[in-house]
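Structure, as structure tokens:
The values are calculated or read from the model by the stated rules, or taken from the named source; none is laboratory data. What you see is a predicted model, and the numbers here were worked out from it, not measured in a lab. Note that we place each Cβ from the backbone using ideal geometry, even for glycine, and neighbour counts take in every protein chain shown. For the accessible areas, the whole protein counts, side chains as well, though only heavy atoms, and no ligand, DNA or RNA atoms are used. Shrake-Rupley method; radii C 1.70, N 1.55, O 1.52, S 1.80 Å.
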Amino acid sequence: MAEAVNQQALARWRLILGAAAAGELDRYGSGGQVELSDDELIMDRALAAIYDQTAEGTEAANGGSGAGARGAGQGKSTPRLAQWLGDVRTFFPEDVVSVIQNDAMERKGWKQLLFEPEVLATVKPDIHLVGTLLSLKGKIPEKTKDTARMLVQAVVDDLVKRMSHELQRAVTGALNRRQHTPLSSLSGIDWKRTIQRNLKHYDAQHKRIVPERFYYFDRAKRSKEWTVIVDIDQSGSMAESVIWASVIGSIFASIPALDTRVVVFDTEVVDLTEQCANDPVDMLFGIQLGGGTNIDKSVAYCEQFIKEPKKTLFILISDLYEGGNQSRLIRRMREMREAGVKTLGLLALSDEGTPFYDEQLARAFARDGTPCFACTPAMLPQLVEGALQGKDLAELVKRLENKN
């Protein structure tokens, strides 16, 4: 049994280290070599096409079948690439498939092959691939556009499924702490419920009910209680954050209690509120990843939507590498905060690690009361709920970061 376990461990190391380590590992193998099963040989070839650095040929990248085949070739044959994608999806777990697939696009320059419908149809939909498609969308030929859109739709649907319930719960939980709240508005009184609950206080002598308490309709479900402005940096480095932000903006837009605005910017500002409310996929295809950055210009544009500062949440999603007027931007954000607007600076909105960002500008924002941090999608509902409840966001961010 120990020998079998040892052989299995050697095979795993062989798959991890590749052909370069074969000679050294063979010294410990049964019969002088590490034996790979048929499935492991397929896995080995799939990994070799992406990660091996030797130049013994391009057969593996082109779908060759030799056990020793290696090479990084460009894989021009569409059917062979489709077979490679199929092998990867068959023999590796889903989370590993996403990593290998993304590495294939980035390391080997296979992005152009996504323009073939039969190849694109075999790709596993994930957020990284959507970012790649959006960056290439101007080059996607007509024959592939429908397939590309279906892939983006699948990812968007999955993200909405992950986030919709929690965000809606956070908003309604913050605005509707009780189903009936004592709002001082005669038009908001729920007369039927008020009478029913106060029948025990009926004054027989004067033939009237003397209400001990009035009950009111839940206004948060009927009107735009808060304004939420999502201001998104669409520079190329923000691709994953842009996708998440677009999905979250569409969820906000579906909540009647919120008046939602969604704006994207590089050196120009584009208002995508309508597309976001109707179809987040349309919105994503309306985004131009790349280009310069003028945050100050976008914040100036968003100021027009602030009607009631103390009922406004402004979310800036950017790495803060400002190409515009930085001092004026700092002043705008400070004045917005001082007026009562709840402001958040999200350096990234993704499941990834710490992003690259302008630390000096982030510190300046933080000093003026706008916390700046990398936010995971799972953390966002708690922040939104805290903002709508009037909590100190800087303190809330600290607690959530320590908790995670």
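Observations, loosely collected:
- Legend: distances between Cα atoms for 297/398; 310/391; 192/310; 342/398; 224/403; pairs beyond 22 Å are 297/398; 192/310; 224/403.
- Placing a label point 7 Å from the Cα of residue 403 along the Cα-to-Cβ direction, the residues of region 366-388 with a backbone N closer than 15 Å are 375-388.
- The aspartates and glutamates whose alpha-carbon is closer than 15 Å to the alpha-carbon of residue 137, local same-chain residues fewer than 8 away aside, are 116, 146, 282.
- Applying the criteria of a DSSP loop state and at most 16 other Cβ atoms within 10 Å to the GluC sites (Glu not before Pro) of region 302-363 yields 352.
- Once the Cβ-Cβ distance of residue 89 and residue 356 is raised to the sixth power relative to R0 = 30 Å, the FRET efficiency obtained is 0.40.
- Close amide H contacts of residue 269 (hydrogens built in the peptide plane, cut-off under 5 Å, sequence separation of 5 or more or a different chain): none are found.
- Under-5 Å amide H pairs with residue 227, H placed in peptide plane, nonlocal only: 259, 312, 313
- Here the spin labels are modelled as points 7 Å beyond Cα on the Cα-Cβ line, and at residue 269 and residue 376 they lie 3.4 nm apart.
- A 1.4 Å probe run over region 356-403, with the rest of the protein chains in place, finds 50 Å² accessible per residue.
- Under-5 Å amide H pairs with residue 343, H placed in peptide plane, nonlocal only: 314
- Mean Cβ count within 10 Å, highest first, over the residues of peptides 363-371, 339-347: 339-347, 363-371
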